[in-house]
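Data first, discussion second: the structure below is written as structure tokens.
The values are calculated or read from the model by the stated rules, or taken from the named source; none is laboratory data. Keep in mind that what you see is a predicted model, and the values were worked out from it rather than measured. Here the Cβ positions follow ideal geometry from the backbone for every residue, glycine too, while neighbour counts run over all protein chains shown. Side chains included, ligands, DNA and RNA excluded: accessible areas come from the protein's heavy atoms. Shrake-Rupley method; radii C 1.70, N 1.55, O 1.52, S 1.80 Å.
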Protein chains: 2
Amino acid sequence: MKKINTDNKLQKIDTTSLVDRVEKSIIEFLTERNLKVGDSIPKELELSSALGVSRTVIREALSRLRMIGLLESKKKKGSVITSPDLISILGKSMDPRLLDDETLKEIFEMRLSLEIGMADFIVERVTEDDIKELRQIVANDPPRSFDTMFLIEEEIKFHGKLYEITRNETLKKFQKLLLPVFNYVHLSGLLKKPMINKRYASHKELVDVIETRDAEAFRNAMRNHLENHFSRLFG
Amino acid sequence: MKKINTDNKLQKIDTTSLVDRVEKSIIEFLTERNLKVGDSIPKELELSSALGVSRTVIREALSRLRMIGLLESKKKKGSVITSPDLISILGKSMDPRLLDDETLKEIFEMRLSLEIGMADFIVERVTEDDIKELRQIVANDPPRSFDTMFLIEEEIKFHGKLYEITRNETLKKFQKLLLPVFNYVHLSGLLKKPMINKRYASHKELVDVIETRDAEAFRNAMRNHLENHFSRLFG
DNA sequence: TTTTGTATTATGTATGACATAATACAAACT
DNA sequence: AGTTTGTATTATGTCATACATAATACAAAA
């Protein structure tokens, strides 16, 4: 009686490479042993003999973990656990040219969501200095400067400042990452609907609303400000 | 005249490893040559001699790119460019036990932002079937089931469904990733302020609002629904 | 024409060697 | 003593080589 496999249907065989599995093993090792930032992990040779694979494989796996900022290695010291910087990891692959269109569009939408949803953090944490700075940024706003490059620069500065006001570093870095994608989607013919350049709530008006510290009002103003983008997504 | 360095102050020396630089080189190579998904890259030995480093180093760099889903390698075929799955990359390091407290808190805040900010996508794309499903999820809602585990399960189901309604896969996967972090922050003593279990807008009420297809109203309702969390962050 | 075998090729894994940086500790000096 | 300097040691970083393995093309056999 030949037992090909237990349940009479072909089970898909493990196609993952040895390095993949070792990488996983090591991560599991870290979490299971509840190791924290600063703790050091076994030496390469120990891992090598513990897992029964060559040092080459161990090193490739560790190299990966180093890349995502989970480890840091020093000669003679060995490797210690570090807190990964999520954003810099994302940054490596968040290149508009390398992502597929659907993902790009979805990232575009995510940024819109964040921009509106972070209202509470903005109005809660904004300082007088922040407002002063915002006013400075939008100083040349009203006279409708039609220098596109200038407008874009202000756009970036203004929204960048908003993220800064949230005092949320992760969010801020995230936005820095999303920005190129956002611009790419905005400019390339990815969105079918045309760009209507109708003027909705201006940056200046947004500042006025922020000053009232009314989160709800700010959300609405921001939603209005972004209407150009939304109208390209929806009919 | 000894020229130590040009501008009379110690320049910080490049401490990055060879693999780091090779990794960067390869990514640059891809983008500069405008290579797209499906294109194949030079063989390991070609890269090795082109960059003047050993195959070991090349392989470590490629292994990293493979991990983040930027490449796929097959024996005999070589490596081809693939579209990286941002989320699965993040997943590798998005473990509450491995992130530092500040980052965890910031992720917590990001989720709150998204949840409120995605209102427009929800009301724009929600179908009758979606609403039916939501109603089913919240069916046991009003009688105040005090079985905590049950409540949590419903919580996850409900909010998960909301993300699904946005029809934004990236967002949805992102939420899946954020969820454990969110729960971790929520439960562990990371947030100083106590948890007041006052009842704000219920899930059922949220569904009612969704049915009106009024994004603004939904944002406000959701903000209200999340008040418990916000009040732990702010005073 | 289809199948089967075989050579080839590029990646996957293993091993051994040496370079290099960090560390500890002993030796030398003030 | 206390500081500096040298030296051995250790673990990671890099290199070279060899062989295993899967995918492919193509020839040989049925």
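Quick notes on this structure:
- Every residue from region A:47-65 that is in contact (Cβ under 8 Å) with a residue 12 or more places away in the chain and open to solvent by less than 60 Å² (accessible area, probe 1.4 Å): A:Leu47, A:Val53, A:Val57, A:Ile58, A:Glu60, A:Ala61, A:Leu62, A:Arg64, A:Leu65
- Residue list for region B:79-94, filter: open to solvent by 20 Å² or more (accessible area, probe 1.4 Å) and either touching a Lys or Arg at 6+ places or on another chain (Cβ under 6 Å) or of a type in the set (A, V, I, L, M) (or both): B:Val80
- Every residue from region B:201-231 that is at pLDDT below 90 and either within 18 Å of B:Leu134 (Cα to Cα) or among the acidic types (Asp, Glu) (or both): B:Ala201, B:Ser202
- Criterion applied to B:Ser79, B:Ser63 was being farther than 30 Å from A:Glu169 by Cβ and within 12 Å of DNA strand C (Cβ to nearest atom), and the one residue passing it is B:Ser79.
- Conditions (1) surrounded by 18 or more Cβ atoms within 10 Å (Cβ to Cβ); (2) within 12 Å of DNA strand C (Cβ to nearest atom): number failed by B:Ile68: (2)
- When A:Lys204, A:Lys193, A:Lys161 are screened for being of a type in the set (D, E, K, R) and open to solvent by less than 30 Å² (accessible area, probe 1.4 Å), only A:Lys161 passes.
- Only residues that are within 11 Å of DNA strand D (Cβ to nearest atom), part of a helix (DSSP H, G or I), within 14 Å of chain B (Cβ to nearest Cβ) and among the charged types (D, E, K, R) were counted in region A:45-86, giving 4.
- Only residues that are over 33 Å from the mean Cα position of the chain (by Cα) and surrounded by 12 or more Cβ atoms within 10 Å (Cβ to Cβ) were counted across region B:19-46, and they come to 1.
- If the condition is being under 26 Å from A:Leu65 (Cβ atoms) and away from DNA strand D (no atom under 13 Å from the Cβ), then region B:14-36 contributes B:Ile26, B:Ile27, B:Glu28, B:Phe29, B:Leu30, B:Thr31.
- Matching entry among B:Lys105, B:Lys12 (being modelled with pLDDT under 95 and not in a helix (DSSP H, G or I)): B:Lys12
- Annotation note: Cβ proximity below 6 Å between a residue of region B:98-113 that is acidic (Asp, Glu) and a residue that is open to solvent by 10 Å² or more (accessible area, probe 1.4 Å) (sequence gap 6+ or interchain) occurs for B:Asp100/A:Ser83; B:Asp101/B:Leu190; B:Glu106/A:Thr170.
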